[in-house]
Amino acid sequence: MLDKKYNHHDVEFDKYQFWLDNDLFKAGDMSKEPFCVVIPPPNITGKLHLGHAWDTTLQDMIIRYKKMDGYDTLWVPGMDHAGIATQAKIDARLRSEGFNPRDMKKSEWLARAWSWKDEYASIIRQQWAKLGLSLDYSRECFTMDENLSLAVRKVFVDLYNKGFIYRGERIINFDPIAMTALSNIEVIYKEIEGAFYYLKYMIEGTNDYLSVATTRPETLFGDTAVAVHPKDERYKHLIGKRVVLPIANKLIPIIGDEYVDMSFGTGVVKITPAHDPNDFEVGNRHHLDRVRCIKADGHMNDSALKYNGLDRFECRHQLVEDLEKHGLIIKIEKIKHAVGHSERSNAIVEPYLSKQWFVKMDELAEKALDNQNNKDNRVKFIPKRFEKIFTNWMEDIQDWCISRQLWWGHQIPAWYKEDQIYVGMEAPTEDGWVQDSDVLDTWFSSALWPFATLGWPHNLDGRYFPNNVLVTGYDIIFFWVSRMIFQSLEFTKQRPFNDVLIHGLIRDKQGLKMTKSLGNGVDPMDVIEEYGADALRFFLTTNSSPGQDLRYDEDKVTSSWNFINKLWNASRFVLMNLEGFKESDYKLDNSTIIDKWIIYKLNETIKVVRKHMDKYEFNVVGSTLYNFIWDDFCDWYIELSKTNLENQTTKSVLLYVLGNILQLLHPFTPYVTEHIYQMLPLHQKSIMISSYPTYDKSIKWDEDIEKVNIIIEIITKIRTIKQENKIGKDYFLISNLNNEIDILIKDNFDTFNKLLKTKFIESLDNSYKKIDIPFSYGTIILGYKGSDKEDEMLSNLQKERDMLLSNISRREKLLSNEGYINKAPKEIVDEERRKLEEECNKIKFIEEKLSEL
RNA sequence: GGACGAUUAGCUCAGUUGGUUAGAGCGCUACCUUGACAGGGUAGAGGUCGUAGGUUCGAAUCCUACAUCGUUCACCA
């Protein structure tokens, strides 16, 4: 027997081990059709947050649903080494222990990194277990595993040999805190306060000057020209002359280039090829020198003369003071402008000239875009609008800088000897070759995840590839989804997954993003402790529509808990009444109309649930099940069944419906459904290996089902009248009209008596006051002791009549509209006619009563 | 500036190819120690679906414009 109260701790503490012990998460039943999902590997930088809980619960639901529906499901777990992020965390820990990480031997540092990995991997696995995720741990992967590392090297080497990977000297985004290059999308532009400094660049041999506006005066030491537009009437005569670089007192040429926008600023631009990507291009066109004046760590070098060694911002400060002293500043204008920050360290990114490795993107992107026109191999985005976000990005893509100046990651398989380069799977055998010390961007390995986790390049397990669906947030479409798509197309010739289900971000109750700096993050483990994983899961999966963000709201978790508690108590009721129930007692024939009604309702629910499960519309599934369980099953069927609990069929129906409810709900709330399921008189070893309920086409609507709807209508109506007229317990109902409704009532006397807590009787003496309650198929008289309610009665009837009259006139108008009759679907028109008839019928009774009053 | 999303009850959100009386949870009102559940039950109140046009027999839903909020991409030194 179940305890009186649902206790999530008791329910959840041992189930996960039970599933593991029985190998219920293991894939490989070759007799079934495969279904595969790979987990988006969490970073080993810390604990999982609510976003992970949401993302993984969605996947678990899909997997559990498909498994119960007869598929050989494989859900591959794994984690990401997360280069920059993890290295920063490890370094921080080492510093707190008094070490300077960069003074350590690389091998010692790496040993620390691997033990960090083990530590966090084990925390993450515990969290997965708490969430109840049905991951096949025998297939767990890590991005730096041997096989994945091999895959990374192979992809690098092949892309290099095909000419898609090159090494070149470019302006890249450099993070001066993490001390590594970044790709374009790892730079976040933020609006900050800055200034436009208008500087005097004196024209050689004159007292005239050009006014040059810049936001970064400290880069002037790297200027190798100033540019004007060749058609600019103000300046074009100066092209070919020279100006004096302020403070540095160096002569640099005035050049003409169409890059300059005549209408912006002063129309004169200082050109710093080593510190600005646009200037770099201009420099190339005009064969200008590339002079670096800032070092990788953000400090000035000796080109900056007396400012050598200063931090770039300190240099700016002192330089501006000096320029002012020399009268070389015309004005300073405060502005707001977007400045690039590192996604990881939040440092202001320095455009920095250096030699890096790149993936040439144009051709790869084009193939990915073309593939979206291939009906059989296109990736289906859900919701659809995210496909456009993907294609727009791909259409406008730039080369991908993949080298990182870090220790944690896949070392680039390139070796140098003097000015020779060797790129290959293994080191060259001759002496003297030195491997590139850089590692690859984390996303370079993540991009191979869907196939590298399934054995590629050795032997890709084609049974599970392409994956059936990938589930992830819209925030990493560029970082990850798009890169998986083009890498998979390039190396497997197939899409990585058939569908990609995109969800939103978790926000706090105010709608703000959960971040460390705001301290508004919620630890899913705390929520599980307080409400249980099932309540958290139900909240996460049913409270937003696909692609929308989700606000975390503890009140809604509470209501999920309440829902589970309701299910718990309904189950308790069923089990109490099934004491001693044997397999031979189980029979569904000879059912009452009430039994038929709930089975019909259940069947319709199954149909809706399946339809929306298949479309990933879990919010619809959730509310459908919520309403069916709470309203139809608990509020009506259980109540209606109470007069009939001696009947084996009713017991069987209770068992049948509850069993189906547990199965339908299992993907959402695996723990509690497993728990109750195992207490049912007839059950299998685990609910996970039972079959997901199927829709039975042979169960059709009939008049018996309508009869129950009428019973419900009568009960509800009488309750309403009772409350509106403040009639207490002391009342009776009379029905003696010998019509259809009368027969229905006679057949279900007990039910009415029980639910209305009164008696139906044949007649009533005159000491009772009477109220006539009209239905569309007859009238019921309510008799009560107490003061006269004629006024209320009159106003009730008038109110109802007015409403009916307005409905009737609306319907008549509608049904006399030819356009409507001709164009609207027949079922809808028929339904409208039926309702009209019903209302006309009902109003007859009302008019009759009103005339009597 | 481009693109996208949101705007529906006091709050947070649904609304399934357009179907006529727009739903839920929480909150609110009144009543109820009913034999599964008071974290419950019963019955209610509460919305001219951001604004203005348009298409249609019919619009929360489709189209156009605008407004407000948000996200994102691209930004000119």
>> Tell me whether region A:448-470 contains one or more residues that are more than 14 Å from A:V500 (Cβ to Cβ) and within 22 Å of the chain's Cα centre (by Cα).
In response: yes
> How about region A:624-646: which of its residues are within 7 Å of RNA strand B (Cβ to nearest atom) and among the β-branched types (V, I, T)?
Replying inline: A:I638
>> Go through region A:186-238 and report how many residues are charged (D, E, K, R), without any contact (Cβ under 8 Å) to a residue 24 or more places away in the chain and either within 12 Å of RNA strand B (Cβ to nearest atom) or farther than 17 Å from A:Y259 by Cβ (or both).
In response: 2
>> Quick check on region A:586-602. Is at least one of its residues hydrophobic (A, V, I, L, M, F, W, C) and near RNA strand B (Cβ under 10 Å from one of its atoms)?
In response: no
> How do the pairs read when you match residues in region A:254-276 that are more than 10 Å from A:V212 (Cα to Cα) and touching a residue at least 12 places away in the same chain (Cβ under 8 Å) with residues anywhere that are near RNA strand B (Cβ under 7 Å from one of its atoms) and among the polar types (S, T, N, Q), using Cβ under 8 Å and keeping only pairs 6 or more apart or on different chains?
Replying inline: A:Y259/A:N278
> Which of the following residues is crowded, with 20+ Cβ neighbours inside 10 Å and more than 24 Å from A:I332 (Cβ to Cβ): A:P230, A:P273, A:P253, A:P277?
Replying inline: A:P273
> Is there a residue in region A:482-504 that is farther than 20 Å from A:Q398 by Cα, away from RNA strand B (no atom under 14 Å from the Cβ), in contact (Cβ under 8 Å) with a residue 40 or more places away in the chain and of a type in the set (A, V, I, L, M)?
Replying inline: yes
>> Please go through region A:172-184 and give me each residue that is crowded, with 17+ Cβ neighbours inside 10 Å and either within 16 Å of RNA strand B (Cβ to nearest atom) or under 32 Å from the mean Cα position of the chain (by Cα) (or both), ordered by number.
In response: A:I172, A:N173, A:F174, A:D175, A:A178, A:T180, A:A181, A:L182, A:S183
>> Quick check on region A:576-604: of everything there that is among the polar types (S, T, N, Q) and under 15 Å from A:N647 (Cβ atoms), which residue is surrounded by the most Cβ atoms within 10 Å (Cβ to Cβ)?
In response: A:T592
> Can you pull out the helices (runs of 4 or more DSSP H) entirely within region A:688-781 that have at least 2 residues that are hydroxyl-bearing (S, T, Y) and within 14 Å of RNA strand B (Cβ to nearest atom)?
Replying inline: A:703-724
>> Give me the residue from region A:779-796 that is surrounded by 13 or more Cβ atoms within 10 Å (Cβ to Cβ) and at pLDDT below 75 and, out of that set, nearest to the chain's Cα centre (by Cα).
In response: A:N796
> Out of curiosity, is A:N619 surrounded by fewer than 18 Cβ atoms within 10 Å (Cβ to Cβ), assigned to a helix (DSSP H, G or I) and touching a residue at least 24 places away in the same chain (Cβ under 8 Å)?
Replying inline: yes
>> Being under 25 Å from A:D14 (Cβ atoms) and either among the basic types (K, R) or in a loop (DSSP other than H, G, I, E, B) (or both): is that true of A:K509 here?
In response: no
> Which one of these does A:S211 not meet: (1) modelled with pLDDT under 90; (2) under 12 Å from A:P246 (Cα atoms)?
Replying inline: (1)
> Got a sec? Which helices (runs of 4 or more DSSP H) wholly within region A:294-398 have at least 1 residues that are more than 16 Å from RNA strand B (Cβ to nearest atom)?
Replying inline: A:312-325, A:362-371
>> So if I check each of A:D523, A:D553, which one is under 19 Å from the mean Cα position of the chain (by Cα) and more than 12 Å from RNA strand B (Cβ to nearest atom)?
In response: A:D523
>> What are the pairs with Cβ atoms under 6 angstrom where one residue, in region A:138-151, is closer than 18 Å to A:L460 by Cβ and the other, located anywhere, is among the basic types (K, R)? Sequence gap at least six, or different chains.
In response: none
> If you go through region A:137-171 one residue at a time, how many are under 17 Å from A:S403 (Cα atoms), polar (S, T, N, Q) and over 28 Å from the mean Cα position of the chain (by Cα)?
Replying inline: 1
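Table: residues versus (1) within 16 Å of RNA strand B (Cβ to nearest atom); (2) under 17 Å from A:E146 (Cβ atoms); (3) in contact (Cβ under 8 Å) with a residue 60 or more places away in the chain; (4) among the aromatic types (F, W, Y).
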| site | (1), (2), (3), (4) |
| --- | --- |
| A:C401 | yes, no, yes, no |
| A:E426 | no, yes, no, no |
| A:T442 | no, no, yes, no |
| A:Y464 | no, no, yes, yes |
| A:N467 | no, no, yes, no |
>> Criterion first (of a type in the set (V, I, T) and near RNA strand B (Cβ under 10 Å from one of its atoms)) does A:T542 satisfy it?
In response: yes
> Taking region A:487-503 as the region of interest, how many residues are assigned to a helix (DSSP H, G or I) and surrounded by fewer than 24 Cβ atoms within 10 Å (Cβ to Cβ)?
Replying inline: 4
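The values are calculated or read from the model by the stated rules, or taken from the named source; none is laboratory data. Everything numeric in this text was worked out from a predicted model, so none of it was measured. When we count neighbours, we look across all protein chains shown, and the Cβ atoms used for this are built from the backbone with ideal geometry, even at glycine.
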